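Here is the structure we will look at, set down as structure tokens.
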Amino acid sequence: MTRSLRGQLLAWVMLPLAGAVLIEGVVSLRNSQAAAAVVQDRLLLGSARIVAEQLRFEDGGIQAPVPPAALELFQSGSADMVYYRVVAANDQTVTGYPELVLPDTHLQPETSQFFDAVVREQPVRAVAYLQPVLTESGLQLVHVQIAQTLHGRDAMARSLWGHALVQQLITLALVALLVWVGLRNCLKPLLMLRDAVLRRRPGSLKPLQLAAVPGELSPLVDAINEYALRLEKHASMQEAFIQNAAHQLRTPLTLLTTQVSYAVRTVEPQARGESLSAIRRTVQQASRLVQQLLSLSNAQVHGDSHDNGDTGDLDSVVRGVLEDMSGRAQSKDIDLGFEGAATQCRVRGHAVALREIVVNLVDNAIRYTPSGGVVTTRIVPGPGGVKLTIEDDGPGIAPEQREKAFQRFYRIDDSDSDGCGLGLAIVREFAQSIDARIWLSTPASGRGLSAEVEFRPAPA
């Protein structure tokens, strides 16, 4: 399942904002509760002062009428109970609800004290106000208490918090919408790049030409164009390879058709035998060409998995190849020699690459060395790597043609050998796939050719 880049960017922007809204919601709840508590306390104090202003001394006692205005302050949609109590200096209740207890703290005249209490099994918020009243014997301190249940305060807190939360959610939604629109506009160049790629004809490898590409997309466009150039180069090489392969295969097939036709027409046993021998040689050449083409294709496949950490014993690989090719060397009376290393030589490279390198180099040496010649294979460990050298005393390759010899289907002289010009190309492809180096030189004897390959040593 593919994930939307726009959705991921929106999530990374909105998740912190949503977290901030959540924290702000908690803070708003506490602020709403505090604001509702302040409002209730002010109403309680205002009601207590209204009652305190009506206190007077008459008929030998404290008179405490409770005016309706003192209770009308608490009118609301909530079913709250309001309790009041007026207590004289002798702790006698002048009027009100005796179950409303006095606070423990000592009050100064005309000061108030807010506290929480429980009246008739209901939590209430209360205020105590100390009012001095002039009597016959002097000033008498009278406590005025007003209490209210918490239903209205809680409802007010919820209402304030709800309004704040709605505003925050609306703000968050607007921010999300603006961010979404902004991301949509910012991602338009990316969508244009997608459309430009989709509009291209199949097989088109021309560089992308986009005007006003943002700086963040320039590396992507440059990478696509660079890859298109490399792919175009690779496709051109493949096309040339196919054309060369078709040309190389057409020659033996045409020759084979001619030889078969001649063998069918001739009636002389000797001529027919010679024709069949020629047909066999032609088939062998075509078979070798096909095998070389497959080896080259295999080298290109392994070249895509560059240095995967495989190692191999070069000494064992060389010995196996020389044993397999000893028959061909004997058929040409070639002295096939080997100078191995004193210790085991493990090098970096997968088994396919190591064997193909050795097979093609030894095959070339035997193929181009005349009968009675000498082919020597040598392994020399060194501080920088392990060097494989294969020398022959054949015709060799001129220095100015040695680099061309690594090109596909390049042959020094078509008349001297039945080679197809792919051996050294295969060797270089496999060598590059394992970070090995190959070069051609002249042996110390001054005659023939020396093919040298330097492998990276395997880690200890």
**Asked** So, in nm, how far is label Ser277 from label Trp439 when the simple model puts each one 7 Å beyond its Cα toward the Cβ?
**Response** 4.5 nm
**Inter-label distance, nm, simple model (7 Å from Cα along the C-beta direction), Phe57/Val380** = 12.9 nm
**Message:** Could you tell me the calculated FRET efficiency between Thr105 and Val166, based on Cβ-Cβ distance and R0 = 35 angstrom, to the nearest 0.05?
**Reply:** 0.30
**Message:** Defining a contact as two alpha carbons under 8 Å apart and six or more residues distant in sequence, what relative contact order in percent does the chain show?
**Reply:** 10 percent
**Prompt:** If you take every DSSP beta bridge whose two residues both sit in the chain, what share of them, in percent to the nearest 5, is antiparallel?
**Reply:** 90 percent
**Request:** With everything on Cα atoms, drop me the angle between helix 218-265 and the longest principal axis of the chain, reported from 0 to 90° to the nearest 10.
**Result:** 30 degrees
**Complete:** FRET efficiency for Trp12 and Phe114 from the Cβ-Cβ distance with R0 = 45 Å, rounded to 0.05, comes out at 0.45
**Complete:** Quick calc, Leu187 & Asn225: beta-carbon distance into FRET formula, R0 25 Å, rounding 0.05, result 0.75
**Message:** Using DSSP to call loops (not H, G, I, E or B), can you name the GluC sites (Glu not before Pro) in the range 368-403 whose Cβ has at most 14 other Cβ atoms within 10 angstrom?
**Reply:** Glu403
**Request:** Return the distance in nm (one decimal) between the two label points of a simple spin-label model at Glu216 and Arg158, each offset 7 Å from Cα along Cα→Cβ.
**Result:** 4.5 nm
**Asked** Distance from the Cα centre of the range 140-184 to that of the range 74-138, in angstrom?
**Response** 30 Å
**Asked** To the nearest 500 deg cm²/dmol, what mean residue ellipticity at 222 nm is calculated for the chain from DSSP H runs of n ≥ 4 alone, each contributing -39,500 (n - 2.57), summed and divided by the residues?
**Response** -18000 deg cm²/dmol
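Every read-out reported here was derived from the displayed coordinates using simple, explicitly stated rules and does not represent laboratory data. Since the model is a prediction, treat every value here as computed from it, not as a measurement. All Cβ positions, glycine included, derive from the backbone under ideal geometry; neighbour counts span all protein chains shown.
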